[in-house]
Each structure stands twice: as structure tokens, then as C-alpha cells.
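Engineer: Have a look at this one.
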Amino acid sequence: MAASLLVILFYLCLLPVISITLARQPRKDLPPWAICLSLVATETSTLTIVSVPGVAYFRGYVFLGLAIGYLLGRTAVAVWFLPLHERGAPSVYRYIGQRFGSRLQKLLSGTFLLTRLVAEGVRLYAGMLPVSLLLASLGYPVPDFVLLALIVVLTSAYTLAGGLKAVVWSDSLQLCLYLGGSAACLAVIWTRGGLHTVPLAPVFSHGLPFFTDPFSVAGAIVGGGILALASHGTDQLMLQRCLAAKSLAGARVAMIGSVFVVAALFALLSITGIALRQVMPGWRMSPDALFPQFILTLPPLLSGLLVAGILAATMGSLSSAMNAMAAATRADFLPHGPLSLRSLTAIWATLLVATAALFSHPSGSAVVFGLSIASYSYGATLGVFLLAMIEHQRDEQAAITGFLTAVAVLGGVSFIKIGGHGIAFPWLVPIGVIATFVGATAFSGLRRIGLQK
């Protein structure tokens, strides 16, 4: 186990050096392939590495079904959304400010900051758990808060030193690490007799009431497609990378290519989870505990590599989030304020540690929990972007009313149960879009009636 710890420490020392060195190369533009890998590293994070094998253990290749919807949604983003945004723009919400006004721009940006803070806090805690287990097995238990702070401090170091370019390069390196670690894990399972051929399992699930299963055919393809349209078409965290591309063509290549990379990652992790049925039969604990527990049974060097891979996913997501949150805060709230991007990054880093301590024990699958948090804001945000794209009139108050209507409706939807199950996260986005249009249309209609009187 001590060898595992040495592998992790070596990785933590090497990553910032390589990332900052690459970021300071004279080449000014980021290649599309690096942006593509950064997108995948940002969206997948620790929750994917920890949760997908456990979900696959019980439900099959359902995340591959979701990837089909992702392909449809991101293709639409590449065709229709990316041309709307200015290359190099500090905030994607500038488009809304130009279309409707600064109040709505700040409202959307503030919503992004709050939901991202909660989602990243959950991811941070999930990434800390394997390290905590490893240290405890060595007889050196460390308080969770100390580990959380250490991860954030290390991530902040190269984020502050190298900026967005360092974040993109570190994301690319970290994605390669946990792709390689996942492949090595499959090799170990094969040597233990748990994997002779690619195991068969369903791609879509069934049996739950409609609107409650995120992995049904409709939920994965239709709901997943609309979710991808929102997450990659309106979220500062994702679009910031594409806006760093030198050209629109490069941004489109990165956006569409990211689907195939994430599908490959989903396949690796899903095959691992299904193969673990033979190696660890009869698992009855939390799905999220399955893969971390298996990692501790591996040879020390490989165990250290995989824990480092989980740390890589955590740090990749954190660096992206801190950079995007600082940029959005500066562009949308403090364009002429006294705080620099580095100061804002440090502030958000501190808030992330506090949030991780508060939201540290989500029930059920952590990856589904994280997607659900984001989906509550994605629906309202996508609705406003679609209003900006198709409405000829620039009615900021109607758009604000539509946004607030969607937030209220989604808040009510969170309490709805169908057959004892809540509404699945892919359906939250279309519900939010519809509510935004209904609220904006109703406000405009009532105002016209008032003016006529």
C-alpha cells in the first residue's frame, strides 16, 4: 500500500509541472484534440469514474444508451449554438446580455455559479474518498476536511499559474490517465477469470414508469439529447473551452469528437462494472462503493495508478470549474472590480471546500445526483437561450419572467413522485424549456392586454 501512496505523490508533483510547461509554449492556439479531451475530462469527473461501474453492475450498458442522446444534442450545439458566441469571449452569458440586457445576463450567470458550486462540491467529496480509504488502510487516517483542502490547493496551484491553457492541458493528461487506468483494470479482471469476452447486457432499461427512468429509450435519446443541448450549449464550464479554439471549425470538431471519447470511457467503465459481477458477486452495498472497494484489492502500483486516476478526474473537473466560475464572476459581475481572476479563483476554491463538506453524502448514485443538480438549472437556462435565438422582440422582462417560471416549476417537479419514483434528470431540461416559453408568452400576453386597456 505504501507503493500506492508513492505513485499518487509522484503524480501530484508531476502534473502541475507538465501542465504549466505545456501552457507556456509559444503556440498561441489550443489544438481541437486537446479541447476535445478537456471537454470530456470536465464533464466526466470523479462521479463518472466512481459511479458508472456500479450502475453498470446492476443495470448494464445504460450509459452507452445515454451517449446516443449526447451525440444528437452536441451535434445540434455545434451547428446552431457555437456560431452565436464570440471566439475568446470571457462569458457565454454575454450573448444573453447583448440580446436581452444585463439583468438577465447576471441572473443566468449567478444561477450557473450556485449550481456549479454544489455539483463540484459533490464531485470533490467523491474524489477524496478513495484517497481517504487508502490512507486509513496504511494506518494514517486524515480528516476529510484536510484532504479536501489539500486537493483544492494543489488544483489551484496550476490553475492560477497557467490559466485556461494549463487547465486544458492538465485535463487532457488526466483523461489519458484514467482511460489507461480503466483499461488496466479490465486486464486485471481478465487475469482473475472475470472477463473472457465482452459481456452481454442491455443498453436501455425498462420497467419503471415513464418520465422516471433516465436510461429508458426515450429518456436516454430524447431527454439525453436535450440535456446535452443545454449542458454543452449554454454552460460556461463547457463552452469556455470551445471558445478558446482558434476557429469555429476547430470548436465544432472538439464538440462532436467529445461524444466519441466519452462513449469510449463509458464503454470501458461499463464493461468493468459488468465484469465485476464475476469477481465480486452478490454486491449489496452502495453502487458507488463497488469500484473504490475493488481498487483496494489490486496490486499496489496499479491501485495507486487508479486512485491517481480518480484524483485526476477530480482535479480536472475542479480546475475547469474554478477557472470558469472566476471568469464568469469577473465578466458578468465585476468587469471593472478590484479583484483579479487569481483572487476570484482563490475565493471559489475556498467555497468549494466548504460546499464539499456540506454536500458529502448524496443518496443513491452520485453521478445521477450530480446530473440532477445541474438539470434543474439547465432547463431554465436553455429556455432563455432558445428565446434569444428565435424571438424577434428583445423583451428582457418577459425573458426574466420565463426563467423564474421555469425555476418555480422545476422546484415543484422535484416533489412529484410517479409510482414512488421522482422525475428522471433528462426530463427536467425539456420541462424547464417549456415552462420558460409558457411564462414568457403569458407575461407578454398579459402586458399587451394591459396596454390595450
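The values are calculated or read from the model by the stated rules, or taken from the named source; none is laboratory data. Owing to the predicted nature of the structure, the values given are computational and were not obtained by experimental measurement. Counting neighbours? That spans all protein chains shown, and the Cβs are built from the backbone with ideal geometry, glycine included. These accessible areas exclude ligands, DNA and RNA; they are computed on the full protein's heavy atoms, side chains included. Shrake-Rupley method; radii C 1.70, N 1.55, O 1.52, S 1.80 Å.
Engineer: Yes or no: residue 233 over 19 Å from residue 47 (Cβ atoms), open to solvent by less than 10 Å² (accessible area, probe 1.4 Å) and either modelled with pLDDT of 90 or more or over 15 Å from the mean Cα position of the chain (by Cα) (or both)?
Structural biologist: In short, yes.
Engineer: Can you report the number of residues in the stretch 41-88 which are at pLDDT 90 or above and within 30 Å of residue 289 (Cβ to Cβ)?
Structural biologist: Number satisfying all stated conditions: 19.
Engineer: Name the pairs: first residue in the stretch 52-73 and assigned to a loop (DSSP other than H, G, I, E, B), second residue of a type in the set (Val, Ile, Thr) and open to solvent by 20 Å² or more (accessible area, probe 1.4 Å), Cβ to Cβ under 9 Å, at least 6 apart or on different chains?
Structural biologist: So the pair list comes out as 60/203; 61/203; 61/271.
Engineer: Moving on to the next point. Quick one: residue 70 ticks every box in (1) under 22 Å from residue 378 (Cβ atoms); (2) surrounded by 24 or more Cβ atoms within 10 Å (Cβ to Cβ); (3) touching a Phe, Trp or Tyr at 6+ places or on another chain (Cβ under 9 Å) except a single one, so which number is it?
Structural biologist: Status for residue 70: all satisfied but (3).
Engineer: So which residues in the stretch 185-216 are under 12 Å from residue 274 (Cβ atoms), of a type outside the set (Val, Ile, Thr) and either touching a residue at least 12 places away in the same chain (Cβ under 8 Å) or in contact with a helix residue (DSSP H, G or I) (Cβ under 6 Å, 6 or more places away or on another chain) (or both)?
Structural biologist: Within the stretch 185-216, 186, 194, 195, 199, 201, 202 qualify.
Engineer: Just to be sure I understand, how many residues within the stretch 406-453 are loosely packed, with under 11 Cβ neighbours inside 10 Å and under 23 Å from the mean Cα position of the chain (by Cα)?
Structural biologist: The qualifying residues number 1.
Engineer: Spot the failing condition for residue 239; the list is (1) open to solvent by less than 10 Å² (accessible area, probe 1.4 Å); (2) under 30 Å from residue 326 (Cα atoms); (3) of a type in the set (A, V, I, L, M, F, W, C); (4) not in a helix (DSSP H, G or I), and only one is missed.
Structural biologist: Looking at each condition in turn, residue 239 falls short on (4).
Engineer: Still on this structure, I have one more. Would you be able to tell me the number of residues in the stretch 101-139 that are of a type in the set (A, V, I, L, M, F, W, C) and either open to solvent by 20 Å² or more (accessible area, probe 1.4 Å) or farther than 19 Å from residue 350 by Cα (or both)?
Structural biologist: 13
Engineer: So is residue 257 open to solvent by 10 Å² or more (accessible area, probe 1.4 Å) and over 30 Å from residue 194 (Cβ atoms) or not?
Structural biologist: Yes.
Engineer: Looking at (1) in a helix (DSSP H, G or I); (2) within 12 Å of residue 239 (Cβ to Cβ), which one does residue 125 not meet, given that it meets all the others?
Structural biologist: The single condition residue 125 does not satisfy is (2).
Engineer: State whether the residues of the stretch 140-161 include one that is surrounded by fewer than 19 Cβ atoms within 10 Å (Cβ to Cβ), farther than 30 Å from residue 20 by Cβ, of a type outside the set (Phe, Trp, Tyr) and over 19 Å from the mean Cα position of the chain (by Cα).
Structural biologist: Yes, some residue in the stretch 140-161 is surrounded by fewer than 19 Cβ atoms within 10 Å (Cβ to Cβ), farther than 30 Å from residue 20 by Cβ, of a type outside the set (Phe, Trp, Tyr) and over 19 Å from the mean Cα position of the chain (by Cα).
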